[in-house]
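Q: Here's a structure for you.
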Amino acid sequence: MSTETKNIVVLGASFAGLAAAHNTLKHVLPKLADKESYHVYLISSSPDFYWRVAGPRAAVSAQLMPDDKVMYPIAPGFAQYDSKQFTFIIGTVKSWDTGARSVTLDTAGGQQQVLPYHALVVATGTRTPTPLLSLHGTSEETKAELSRMRTALNSAQTVLIAGGGPAGVETAGEVGELLNGSPGWFGSGPKTKKATITVVTADSKLLPALRPALAAKAETFLSRVGVDVKKNVRVDSAAPAADGKTTVTLSNGETLTVDVYIAATGVKPNTSFAPSHLLNDRGYLTANGQTLRVDGAGPRVYALGDVASYARGGVMDIYDAAPVAMTNLERDLSAYSPDKPDATPAGPDRTYTANLKETQLVPVGQSKGVGAVFGWKLPSLMVWLIKGRDYMVSNADSIVGGSKWAKESSWKPTDS
Ligand SMILES: Cc1cc2nc3c(=O)[nH]c(=O)nc-3n(C[C@H](O)[C@H](O)[C@H](O)COP(=O)(O)OP(=O)(O)OC[C@H]3O[C@@H](n4cnc5c(N)ncnc54)[C@H](O)[C@@H]3O)c2cc1C
């Protein structure tokens, strides 16, 4: 039996990377005959996992959503594993050499480290334009921006939010309720409107992933908390002005100077370290949409989570995809031998099927919301119960600590 140490390297430690690392340690390695010969490395720019789902509320109030409800230290979640088998590295991946099968990191300690891999899971996700709604580096950067935003909102009289997707609508709802209050159960608008808050969307409706009736309902809920919506208009530019204000130019020729500007105009994949031939035209990592392998990167390389070309984006997709990637990782590792390094496993792979049914929950303020799950419309109260009351923060511990993945998702080749 070989005595070489074979590194399984996971890049990114959010929903997808944490799922990959915990599943590998809990379920993949114990099945391998040479399990002692593997070492799992989890690489993250940030020491903390950010529950970015709650970013819209955390951005407006530390009372409503304190930092310790959105930032979770990663290292303690992995203290359960043998240090001979697992290492967590705080560092940013800067380059990836598919020929040498290694990645190069800038570590938090200021060192450059080249880490060879036997298997690689890329789970570096996406970033929003603002660090309020996703990590741009360490958690400290996001915490500083959350704090800056809460202070700026205290005295804001004009707020412009660019983007009519879920992040823009949720943020506008939180800002509206914070600054203008809620009219109560039967009112249609705030009793006194302290701030002028506007959402600008380039689309003809809010919430592109939801049916028009739900988008219209979201607009009604926004108007309850004093938020106006401008449709079919995009933000052409946003430039800092005097006194911390922002001058925003719109595609309809309007120019506005606002106290607070928040860009919620979608996401970009975190793939700057990846070779360009592995990226699709939108910059996402091109992966096989069934096996979740990155076929163009050589054997035993997988893309998991929002960074992957096959992903629609969203946590539910990751929960469906992680067991598929992990089964195929285990099959590939079992098939390997030093004299046949590129051997492929016998029999069918486990395959992923995207669930494309209308699914999205969008809280609008602290008590209302719109949404649908697998094509079924949910009442506002249900959206509040599931997501709006606490943005589901109670799930974060199980994701960081791995209890979410305590039970293996079983699969037999006949299931394919
Ligand atoms: C405001 C908002 C609300 C949302 N609400 C929901 C919701 O209700 N339901 C839902 O299903 N989805 C929701 N989403 C989407 C959900 O957050 C994403 O689907 C999920 O975060 C994707 O997880 P991921 O692990 O693929 O990547 P990400 O969460 O994007 O994390 C990527 C990780 O990789 C790290 N990283 C990136 N580049 C590097 C590098 N070069 N080196 C080292 N580490 C790196 C980052 O630090 C980060 O930790 C929401 C998103 C936003 C912004």
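The values are calculated or read from the model by the stated rules, or taken from the named source; none is laboratory data. From a predicted model like this one, the values you see are computed outputs, not experimental measurements. Here the Cβ is made from the backbone with ideal geometry for all residues, glycine too, and neighbour counts use every protein chain on show. For accessibility, only protein heavy atoms count, side chains too; no ligands or nucleic acids. Shrake-Rupley method; radii C 1.70, N 1.55, O 1.52, S 1.80 Å.
Q: Check Val294, Val307, Val315 and return the single one that is in contact with a helix residue (DSSP H, G or I) (Cβ under 8 Å, 6 or more places away or on another chain) and under 25 Å from Glu4 (Cβ atoms). So that I can check it myself, show each step before the final result.
A: Working: Val307 fails: under 25 Å from Glu4 (Cβ atoms); Val315 fails: under 25 Å from Glu4 (Cβ atoms).
The conditions single out Val294.
Q: So for the stretch 189-198 (the condition being of a type in the set (Gly, Ala, Ser) and under 26 Å from the mean Cα position of the chain (by Cα)), does at least one residue qualify? Let's see the steps before the verdict.
A: Step one: of the stretch 189-198, the residues of a type in the set (Gly, Ala, Ser) are 189, 195.
Going one step further and asking which of them are under 26 Å from the mean Cα position of the chain (by Cα), we end up with none.
No, the conditions are met nowhere in the stretch 189-198.
Q: To continue, here is another question. Only one of (1) open to solvent by less than 50 Å² (accessible area, probe 1.4 Å); (2) part of a loop (DSSP other than H, G, I, E, B) is not met by Ala218, so which one is it?
A: Of (1) open to solvent by less than 50 Å² (accessible area, probe 1.4 Å); (2) part of a loop (DSSP other than H, G, I, E, B), only one is false for Ala218: (2).
Q: Moving to a separate point now. Whether any residue in the stretch 1-10 is within 15 Å of the ligand (Cβ to nearest atom) and touching a strand residue (DSSP E or B) at 6+ places or on another chain (Cβ under 9 Å) is what I want to check. Steps first, please.
A: As a first pass, look at the stretch 1-10 and keep what is within 15 Å of the ligand (Cβ to nearest atom): 9-10.
With the extra rule that they be touching a strand residue (DSSP E or B) at 6+ places or on another chain (Cβ under 9 Å), the set shrinks to 9-10.
Yes, the stretch 1-10 has at least one match.
One line per residue, one yes/no per condition, for (1) farther than 30 Å from Val324 by Cα; (2) open to solvent by 30 Å² or more (accessible area, probe 1.4 Å); (3) part of a helix (DSSP H, G or I); (4) within 16 Å of the ligand (Cβ to nearest atom):
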residue: Gly369; (1), (2), (3), (4): yes, no, no, yes
residue: Ala372; (1), (2), (3), (4): no, no, no, yes
residue: Leu385; (1), (2), (3), (4): yes, yes, yes, yes
residue: Tyr391; (1), (2), (3), (4): no, no, no, yes
residue: Ser394; (1), (2), (3), (4): no, yes, yes, yes
residue: Ile399; (1), (2), (3), (4): no, no, yes, yes
residue: Lys407; (1), (2), (3), (4): no, yes, no, no
residue: Trp411; (1), (2), (3), (4): no, yes, no, no
residue: Thr414; (1), (2), (3), (4): no, yes, yes, no
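Q: Something else now. Between a first residue in the stretch 168-187 that is polar (S, T, N, Q) and a second residue that is within 12 Å of the ligand (Cβ to nearest atom) and part of a loop (DSSP other than H, G, I, E, B), which pairs have beta carbons less than 9 Å apart while being 6 or more apart in sequence or on different chains?
A: Thr171/Ala59; Thr171/Leu132; Thr171/Leu133; Thr171/Gly163; Thr171/Ala264
Q: Just a yes or no: is a residue in the stretch 112-130 part of a loop (DSSP other than H, G, I, E, B), at pLDDT 95 or above, in contact with an Asp or Glu (Cβ under 8 Å, 6 or more places away or on another chain) and of a type in the set (Ser, Thr, Tyr)?
A: First, the residues of the stretch 112-130 that are part of a loop (DSSP other than H, G, I, E, B): 117-118, 123-125, 128-130.
Narrowing the set further to residues that are at pLDDT 95 or above leaves 117-118, 123-125, 128-130.
Those left that are additionally in contact with an Asp or Glu (Cβ under 8 Å, 6 or more places away or on another chain): 125, 130.
Next, from what is left, pick out any that are of a type in the set (Ser, Thr, Tyr): 130.
Yes, there is a match, as at least one residue in the stretch 112-130 is part of a loop (DSSP other than H, G, I, E, B), at pLDDT 95 or above, in contact with an Asp or Glu (Cβ under 8 Å, 6 or more places away or on another chain) and of a type in the set (Ser, Thr, Tyr).
Q: If I filter the stretch 322-353 down to residues being charged (D, E, K, R) and farther than 21 Å from Glu408 by Cα, which single residue comes out as farthest from the chain's Cα centre (by Cα)?
A: Within the stretch 322-353, the subset charged (D, E, K, R) is 330-332, 339-340, 342, 349-350.
From what is left, the residues that are farther than 21 Å from Glu408 by Cα are 339-340, 342.
Working: Asp339: 39, Lys340: 37, Asp342: 32 Å.
The extreme case among them is Asp339.
Q: Residue check: is Ala123 buried (at least 23 other Cβ atoms within 10 Å of the Cβ) and not assigned by TED's automatic domain parsing to the domain that holds Val60? Can you show your working first?
A: Details: buried (at least 23 other Cβ atoms within 10 Å of the Cβ): yes; not assigned by TED's automatic domain parsing to the domain that holds Val60: no.
In short, no.
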